[in-house]
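The values are calculated or read from the model by the stated rules, or taken from the named source; none is laboratory data. Everything quoted here is computed from the prediction, not taken from an experiment. Please note: Cβ atoms are built from the backbone with ideal geometry, for glycine as well, and neighbour counts cover all protein chains shown.
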Amino acid sequence: MKKVSENVWVNEILFELSFKCRKEYCNKLCCKEYIADVTEKEIKHILSIMDFIKKFKRTLKVGKKTYKPFFEEIENSNILVSNKNGCIFLYKDKENYFCAIHSACNYYNLALNHFKPRICLFWPLEVSYIKKVLIIDICEDYKKHNCISESKNNPILLEFLGIFRLFNNDELFKKLVFFIEDYYKTGSIACGRRLVLT
Ligand code: SF4
């Protein structure tokens with residue numbers, strides 16, 4: 001782990017990895033292979049836009065008691081329900097798979113970081129707070145995913161800059177964003193990616 005700012009640590013391997021979502025090749029394996037943990041607060045947020053989400057995944061049945069069909073409790077934590085086709089919010093449009101929560105946020109201009117579960121927003125990164133320290137890590141089986149490679153074409157930290165910026169009201173994320181912008185701007189790592197610093 002590398003300390004990149006006061007109370008912000010990043011796994012050093014992230015400086016060596018490239019990430020590019022290629023859902024057209026993997027059919028969103030990340031939404032099929034994993035079980036996503038969600039907090040009570042996230043569940044509330046998702047339920048509050050269920051009518052919008054339904055527009056993208058029409059088979060979702062929303063009744064009066066909306067909690068059960070979408071979330072379940074396992075060993076004291078809540079998870080998104082999934083079946084053999086993956087997460088309950090995954091849907092197919094033409095040839096590609098999409099997240100109905102993500103699509104609803106994009107279409108209705110809703111804050112992605114408010115409605116999409118954090119674990120999904122950050123995948124394959126793992127973001128946690130340990131004793132008020134922000135830690136950016138990567139899922140341990142990252143090597144098996146084609147979207148992640150050991151190259152410097154699309155540095156993973158730069159790929160996630162836009163997502164980190166969504167949390168700019170959090171001082172530690174602000175520091176992280178500042179670090180990434182500065183790190184890549186100064187050319188400490190050669191990368192062929194354009195930088196947007198707004
Ligand atoms: S909520 Fe969306 S991103 Fe998360 S696992 Fe389900 S379909 Fe994938």
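For Lys57, state whether it is away from the ligand (no atom under 15 Å from the Cβ), in a loop (DSSP other than H, G, I, E, B), among the basic types (Lys, Arg) and not assigned by TED's automatic domain parsing to the domain that holds Phe160. Spelling it out, it is not the case that Lys57 is away from the ligand (no atom under 15 Å from the Cβ), in a loop (DSSP other than H, G, I, E, B), among the basic types (Lys, Arg) and not assigned by TED's automatic domain parsing to the domain that holds Phe160.
Based on what the data block shows, is Asn7 on the phi > 0 side of the Ramachandran plot and either of a type outside the set (A, V, I, L, M) or surrounded by 13 or more Cβ atoms within 10 Å (Cβ to Cβ) (or both)? Answer is yes for this residue.
Residue selection: Glu95 satisfies the criterion of being more than 22 Å from Lys174 (Cβ to Cβ), acidic (Asp, Glu) and modelled with pLDDT under 90. Selection over the stretch 153-169 of residues that are touching a residue at least 24 places away in the same chain (Cβ under 8 Å) and not in a helix (DSSP H, G or I) gives a count of 6. Residues that are buried (at least 20 other Cβ atoms within 10 Å of the Cβ) and part of a strand (DSSP E or B) were ranked within the stretch 98-137; the one that is farthest from the ligand (Cβ to nearest atom) is Leu134.
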